[in-house]
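One structure is given here, and the rest of the page talks about it.
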Amino acid sequence: IEEDSKTKEELRLKYRFLDLRRPDLQRNLMVRSKVATTTRNFLAENGFLEIETPTLIKSSPEGARDYLVPSRVYPGSFYALPQSPQLFKQLLMVSGYDRYFQLARCYRDEDLRADRQPEFTQIDMELSFTDADEIIAIQEGFLKEVFKKIKGKEITTPFRRFSYDEAMERFGSDKPDTRFGMELHDISGLVINKGFNVFDKAVSEGGSVRGICVKGGSEKYSRKGIDRLTELAKDYGISGIAWIRYTEPIKSSIGKFYSNSDLEEIARAFNAEKGDLILLASGINKVVFDSLGFLRNHIAKEQDLIEERIDLLWVTDFPMFSLEDDGHKAMHHPFTSPKLNSLEDLKDPKKLKADAYDIVLNGNEIGGGSIRIHDKDVQKEIFKILGMDEEEIEAKFGFLLNAFSYGVPPHGGLAYGLDRLCMILAGASSIKDVIAFPK
Ligand code: ASP
């Protein structure tokens, strides 16, 4: 917030009641209120019913830790606060309320970040007898309305769609900012078997060598500058960044292992021009994508490469699971439907894609959802892949499976992070600036 940026945040928060008198915060809260009104009107006009669900509940997991509330009446027992209304909205579909929405307060016990608070609000919705295309079309209509009402801007629909794989390979991120280039390139084939052990090892272990090309970067980034980028990228798991300055003569941190013509060939793969700087990362794909995805965004901000425009896109076809040290984890949540040709596909969890979609605005994930599993047996199999046995499934989710046995329509939905959406619409840099009393 520019108008008073010199005042320390702690002081501002202590005197929030005075801070809230400032015009920019007033404007932000007006934006927020207008988004809420627009949401209610749009969804009501489209046949959605606003229904409240409880907040003292049995756990409704979204992959974070629950907040717990002790029960006075049953000493030793606890309520969980909802990470989302997910299970309630699915039960409402079983009940026949075939278009539901709610502005729902949700709780996830995670660390604070500029775009994350432990307590936040979702625009949550669910519908029956539907598919991903219909849900996506409804959202495009909704966002069109929001941008018209709040920003006075016409946005064009449909939005572009990227598969998860394409988003990772081109932008190193599942929430790509496509307002600038600097796309990733896989140069594994060009650099192996030339005597550089680090790259050979990465590729032989199933990883890759990829990079980005910073236009005119040779001048902009000194040796120290590159060291600084490398230090920052280390947070994403990479141990080093190799570089090529495409200058006359070419200079490179891997010049010992690669001849001038090798380096020329790499530069060609990036369509590099004289003066560009190529940054390379190697290792397992996740680390390579995360590090380069970070560097791409970081450099674009630092060099002011980001175009001023509204960039809305969908990311689809997520993997169903990620494989962590302690087994499979649901990438979205355990109620997301896998894309199945037959039940046989469940035998190879690694290969399963989820019928899930995220909506991304200017490189921020502002919402996400999926088509849900509505087959009891498939749901059970997914719980088993996630490491639960029959007993645990029954104890945690028996009520859901039981409900499904009474007839459940095919259904799906999505939720937006209202705070994040408002932050971007208000042009704020933290969700704190669109929450009256933030943490
Ligand atoms: N419950 C999901 C979430 O909070 C959203 C959805 O799948 O509808 O991320």
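The values are calculated or read from the model by the stated rules, or taken from the named source; none is laboratory data. Not measured: the values here are computed from a predicted model. When we count neighbours, we look across all protein chains shown, and the Cβ atoms used for this are built from the backbone with ideal geometry, even at glycine. SASA here: full protein model, heavy atoms, side chains in, ligands and nucleic acids out. Shrake-Rupley method; radii C 1.70, N 1.55, O 1.52, S 1.80 Å.
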Subject >> the range 338-369: number of residues that are more than 26 Å from R179 (Cα to Cα), buried (at least 20 other Cβ atoms within 10 Å of the Cβ) and either within 11 Å of the ligand (Cβ to nearest atom) or among the charged types (D, E, K, R) (or both) >> reply: 2
Original post:
K439: under 30 Å from I310 (Cα atoms), open to solvent by 20 Å² or more (accessible area, probe 1.4 Å) and touching a Pro at 6+ places or on another chain (Cβ under 9 Å), yes or no?
Top reply: yes
**OP:** Please state which of the following conditions K144 fails to meet, knowing it meets all the rest: (1) within 26 Å of R99 (Cβ to Cβ); (2) touching a Pro at 6+ places or on another chain (Cβ under 8 Å); (3) without any contact (Cβ under 8 Å) to a residue 60 or more places away in the chain.
**Re:** (2)
**OP:** Taking R21 as the residue in question, decide whether it is part of a helix (DSSP H, G or I) and either in contact with a His (Cβ under 8 Å, 6 or more places away or on another chain) or farther than 26 Å from A330 by Cα (or both).
**Re:** no
Subject >> Residues located in the range 152-178, provided they are within 17 Å of the chain's Cα centre (by Cα), not in a helix (DSSP H, G or I) and not hydrophobic (A, V, I, L, M, F, W, C) >> reply: R160, R161, S163, G172, S173, D174, K175, P176, D177, T178
Original post:
Got a number for residues in the range 24-46 being assigned to a helix (DSSP H, G or I), over 20 Å from A114 (Cα atoms) and either open to solvent by less than 70 Å² (accessible area, probe 1.4 Å) or not basic (K, R) (or both)?
Top reply: 12
Original post:
Name the pairs whose Cβ atoms lie under 8 Å apart, with the first residue in the range 75-94 and charged (D, E, K, R), the second more than 9 Å from the ligand (Cβ to nearest atom) and modelled with pLDDT of 95 or more, and 6 or more positions between them or separate chains?
Top reply: K89/T53; K89/Y100; K89/Q102
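On the given criteria, is T53 at pLDDT 95 or above and within 16 Å of the ligand (Cβ to nearest atom)?
yes
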Original post:
Is there any pair with a first residue in the range 175-190 that is within 13 Å of D165 (Cα to Cα) and a second that is assigned to a loop (DSSP other than H, G, I, E, B) whose Cβ atoms are under 7 Å apart and which are 6 or more apart or on different chains, and what are they?
Top reply: K175/G363; P176/G363; L184/G172
Original post:
Could you say whether any residue in the range 319-331 is polar (S, T, N, Q) and touching a residue at least 60 places away in the same chain (Cβ under 8 Å)?
Top reply: no
Original post:
How many residues does the range 148-157 contain that are surrounded by fewer than 18 Cβ atoms within 10 Å (Cβ to Cβ) and either touching a residue at least 40 places away in the same chain (Cβ under 8 Å) or among the hydrophobic types (A, V, I, L, M, F, W, C) (or both)?
Top reply: 4
**OP:** Out of the residues in the range 370-416 that are hydroxyl-bearing (S, T, Y) and within 16 Å of the ligand (Cβ to nearest atom), state the one that is surrounded by the most Cβ atoms within 10 Å (Cβ to Cβ).
**Re:** Y416
Original post:
So which of S282, S239 is at pLDDT below 95 and small (G, A, S)?
Top reply: S239
Original post:
Looking at the range 386-410, which of its residues are over 15 Å from P61 (Cβ atoms) and in contact (Cβ under 8 Å) with a residue 12 or more places away in the chain?
Top reply: L401, A403, F404, S405, Y406, G407, V408, P409, P410
**OP:** Any chance you could count how many residues in the range 252-271 are outside any loop (DSSP other than H, G, I, E, B) and open to solvent by less than 60 Å² (accessible area, probe 1.4 Å)?
**Re:** 7
**OP:** At least 2 residues that are open to solvent by less than 10 Å² (accessible area, probe 1.4 Å) and closer than 16 Å to E183 by Cα in each: list the strands (runs of 3 or more DSSP E) lying fully within the range 272-337 that qualify.
**Re:** 277-283
Original post:
Which condition breaks for E62 when tested against (1) under 22 Å from C106 (Cβ atoms); (2) surrounded by 16 or more Cβ atoms within 10 Å (Cβ to Cβ); (3) modelled with pLDDT of 95 or more?
Top reply: (3)
Original post:
What are the residues in the range 32-66 that are over 23 Å from G398 (Cβ atoms), hydroxyl-bearing (S, T, Y) and in contact (Cβ under 8 Å) with a residue 40 or more places away in the chain, if any?
Top reply: T38, T39
Original post:
Regarding S253, is this residue among the small types (G, A, S), within 16 Å of the ligand (Cβ to nearest atom) and at pLDDT 95 or above?
Top reply: no
